[in-house]
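Before any comments, here is the structure.
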Amino acid sequence: MAFSISKAFVFLFLLAMTGAAMNATSILAVIYDVGDYSGWTFHVDDDGYKSWTTSKIFHVGDILRFKYDPQYHNVMQVIYPDYISCNTTRPLATYTTGNDFITIKKGGHSYFICGVPGHCGGGGMKLHIHVSPMEPAPAAPTIAPTPSLGATTPAPTPYDHHHKNGDAVVHNVGGFSGWTTIGHVDYKKWAASKTFHVGDILNFKYHTEYHNVMQVTYPDYVSCNATRPLATYTTGDDYITIKKGAHYYFICGVPGHCQNGLKLNIHPSPRAR
């Protein structure tokens, strides 16, 4: 009997250790945002996302998140020859949501391209990763830290805050998303959740290679006309002070971006004294 009980304890101990090991590996799974703040778009690297991948270590069970505007891009997983030639006629898989989560299921090489004509070859939208065979369970993935990309790509924050000069509030346009076409941010909804006053500040954060900010008149806001802006901002971290209690209209002047929703209308009120 004693021998049987001892064997039972040994079995339970080994079972507990196995469970602990599985839990330990489960926290190793990582979600990688492809391209970091830039997402899945044109010319992130000169060599097709190669610079982005060199700073990463991918394992089986990790997750690639492709964020992009589905009106202009998609994601195709392909074989090596089609990755090299940008052949989109026989993908292994195609993703079109604009916020695709792709779990790495095996070790070795994986290849992805954008299937829109010209985007893989001319736009550099191709990704090659080499996956380690170690298999962390993806039950509890963590988010890979996104590196700071410098002054031209500041990290957006959702939190408005008071300016150092008193009552003025700094409104971070778009919250976490910033000023972008990725993810179809509803800037009308964002503005409706805020109260703007004269003296407040709008902070537009964006990637300067892909966007800008133009203050325009109402007709040009409606028609997305970027040919006669009242003011143009291009720093990627623009602070624009609200100077009067009237409607302000902003658009992105890059062709197609305003039509795709990159436009903002605010109506500030005089600050109560």
Considering only protein heavy atoms and a 1.4 Å probe, what is the carbon-and-sulfur percentage of the accessible area of the stretch 31-131? 53
At q = 0.10, 0.24 Å⁻¹, the log10 of I(q)/I(0) for the stretch 170-266 from a Debye sum over equal Cα scatterers comes to -0.22, -1.47
Just the accessible area per residue of the stretch 170-266, please: how many Å² with a 1.4 Å probe? 45
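So how much slack lies between ARG228 and GLN259, counting 0.36 nm per residue of separation and subtracting their Cα-Cα distance, in nm?
Working: separation 31, 0.36 × 31 = 11.16 nm, distance 1.65 nm.
Difference between extended and current length: 9.5 nm.
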Have a look at the stretch 31-131 and give its Rg and Dmax from the Cα atoms, expressed in angstrom. 12.0, 32
Find how much the distance from THR103 to GLN71 grows on full extension, using 0.36 nm per residue of separation minus their present alpha carbon separation; answer in nm with one decimal. 9.2 nm
Amide H of HIS59: which non-local residues (sequence gap of 5 or more, or other chain) have their own amide H closer than 5 Å, using H built in the peptide plane? SER132
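The values are calculated or read from the model by the stated rules, or taken from the named source; none is laboratory data. Remember, it's a predicted structure, so these values are computed and weren't measured experimentally. The area values use the complete protein model at the heavy-atom level, side chains included, leaving out ligands, DNA and RNA. Shrake-Rupley method; radii C 1.70, N 1.55, O 1.52, S 1.80 Å.
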